[in-house]
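Chemist: Here it is, the structure in full.
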Amino acid sequence: MGGELTGATLSLGGVAAATAIPMILINVSGGVLADTYEAKYLLGGSSLIGALLLAVLGVLTMTETVEPWHVFAIEIFSGFVAGADQPSRQALFPSLVPQSAIKSAVTLNGSLLASASVVAPTLGGLLIAATGLHIGFFVAAIGWVAMFVVTLFLPVRGTFSTTLSVIADLGTGFSFIRSH
């Protein structure tokens, strides 16, 4: 995306960093939020924000007013969304799948994500080639809206971690990361 929109190949690396850095920074705190609050609402919110960001990029691209700073700013926000989205998805597993099937569900989910990471860009590339870059952004935004609609039908977990403070939970998360 960065190379085509800005004309500079180096921008592609910058766009990747603009997404990855906030995603890494918020991932652990996103896990704390998903354990403390209802994960389906966090997932729904991140889905709507993701849709909005893609729609904005679609409009900017369609009107040919997109500038490099737009792409970087949107990717920074996308990184924050991804950092909150992933832990929310993982926190939902116990409420969606029986305990005895969680290992299989996680494995299946990983396989589906790996497949989607190959199939989606391929289909996206074909769509963009046939219709234009802005249509690709709009279709991706519709996908995020579909995810939001799905979250409306997910069960509410009802139990949350309230024994520790958010700071203590973050410390526990970092300790877990260090030990593994």
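Values in this text are rule-based calculations from the coordinates and carry no lab data. Being a predicted model, the structure only gives us computed values, none of them experimental. As a convention, Cβ positions derive from the backbone with ideal geometry for all residues, glycine included, and neighbour counts pool all protein chains shown.
Chemist: Return a whole-number percent for the relative contact order of the stretch 2-173, with Cα pairs under 8 Å and 6 or more residues apart as the contact set.
Modeler: Computed over the stretch 2-173, the figure is 37 percent.
Chemist: Ordered by packing density, taken as the mean number of other Cβ atoms within 10 Å over each peptide's residues, highest first, how do 115-123, 132-140 rank?
Modeler: My ranking of the peptides, most packed first, is 132-140, 115-123.
Chemist: Using a 7 Å offset from the Cα along the Cα-to-Cβ direction at both A20 and Q99, what is the distance between the two label points in nm, to one decimal?
Modeler: Placing both labels 7 Å beyond Cα along the Cβ direction yields 3.9 nm.
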